[in-house]
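Quick notes on the structure that follows.
No lab work stands behind these numbers, since they all come straight from the coordinates. Predicted, not measured: the structure shown is a model, and the values here were computed from it. All Cβ positions, glycine included, derive from the backbone under ideal geometry; neighbour counts span all protein chains shown.
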């Protein structure tokens, strides 16, 4: 299905892919094998016409009145989001969460690899822990460049998050996943993705409290 | 702003709140103070008329042609999602990720509290670690009930995830956050929220590769 990557998708369509993929996986887990654009619109809150147009960019994925095959859509969308090259990742912050990420190291995806680890704790710097040499943030640019890093993950707590992100941005990294929920300021060309577990949990509780009779299909 | 909670929001509106909130926070971090429904529609891919209708359920949040105040919207939406009661959380799986969650324990939100911890590792069961007594999964129902638990977080790896979730569901818990990305089967009344860090990272990389000139505004 490599051909899907050849055509550059409209940005608006691309932005909806993760949303589509997430909801398709939930549909699949509930045993749904086919979905009509009208019903998928109900779930995703994206207009059905937009869904049909988006899907049309990806080739012949469905037939009028018959709906789309859920597992085929998942396969196509996963393929589009997949990366063909190995992505080398710098991990900043080696507390419990950092250790969990380093230890797991996205092992189910062979193209995602944490290759270097940073912390500002003097007791950790220069030590090798769980197979990773811990570097200081002063060394970030040098070590990241040497490792061919293009992506960074920060688990640095909010109060020091901006400082850590600044160092990452100064090293030329443009893709950053941040586990500190407070928004940091970055240049326009930098892509930030926040993982805000408190908000995720509050959203879950909100739905559980207010809409328990019908299951949550996650949209955010 | 308690009055916002009194009226029950339409389910479709409620489903969009986390999406709105996440994008408003990103807008705020880029320095935007006001947003028009048309522009917010461009960001969220929700039709502007739907946005205006959704916001109208929340009272007088904006004026025609003038737009909505970003920080006020964040305040209102955060308030709606906030929980007034203490929510007691069972944590299942006490590896690095479990430890990170227990250690952090949502400390910035006084109403979210991990009160009991479970693991099936015989070397951990019965020990007190980081202030938590580790219980076996056999004790889940008894301990969870004694602790007044209504929410569970599972960090159990995919291959044992279904088993762990079954135990949680059998104890009557209907709100579960799951860090294993593989979909598990749960009864219709159970609200599951998956945190799939690999997909989050792939989405970030996808945008960074294909759309680097313009920043990502996360929608999924």
Antiparallel content of DSSP bridges confined to chain B, in %, to 5: 20 percent
Fewest-first ranking of B:13, A:33, A:167, using other Cβ atoms within 10 Å as the exposure measure: A:33, B:13, A:167
Nm distances between copies for residue B:31, ranked from closest, using label points 7 Å along Cα→Cβ: 5.4
Shape of segment A:2-80, Cα gyration tensor, a/c cut at 1.5: rounded
Highest-first arrangement of A:40-48, A:197-205, B:125-133, where packing means the average Cβ count within 10 Å: A:197-205, A:40-48, B:125-133
7 Å along Cα→Cβ, label-point gaps from residue A:79 to other copies, nm, shortest first: 5.0
Rg over Rh, two decimals, chain A (C-alpha only, Kirkwood Rh): 1.02
Segment A:87-199, relative contact order in percent, only Cα pairs under 8 angstrom and at least six apart counted: 24 percent
Sequence-separation-based contact order of chain A, relative, with Cα cut under 8 Å and 6+ spacing, percent: 16 percent
Separation in nanometres of the label points that stand 7 Å from Cα toward Cβ, at residue B:162 and residue B:110: 4.4 nm
Residue order, fewest to most surrounding Cβ atoms within 10 angstrom, among B:34, A:193: B:34, A:193
Cβ-vector label at 7 Å, residue A:198, separations to other copies in nm: 3.0
Rounded, prolate or oblate (a/c below 1.5 giving rounded, otherwise prolate when a/b exceeds b/c) for segment A:87-199 by Cα gyration tensor: rounded
Cα shape, the protein assembly as shown, gyration tensor, a/c 1.5 rule: rounded
Considering only the protein assembly as shown, percent of DSSP beta bridges that pair antiparallel, nearest 5: 20 percent
Helix-only [θ]222 nm of chain A, DSSP H runs n ≥ 4, -39500 (n - 2.57) each, per residue, nearest 500: -13000 deg cm²/dmol
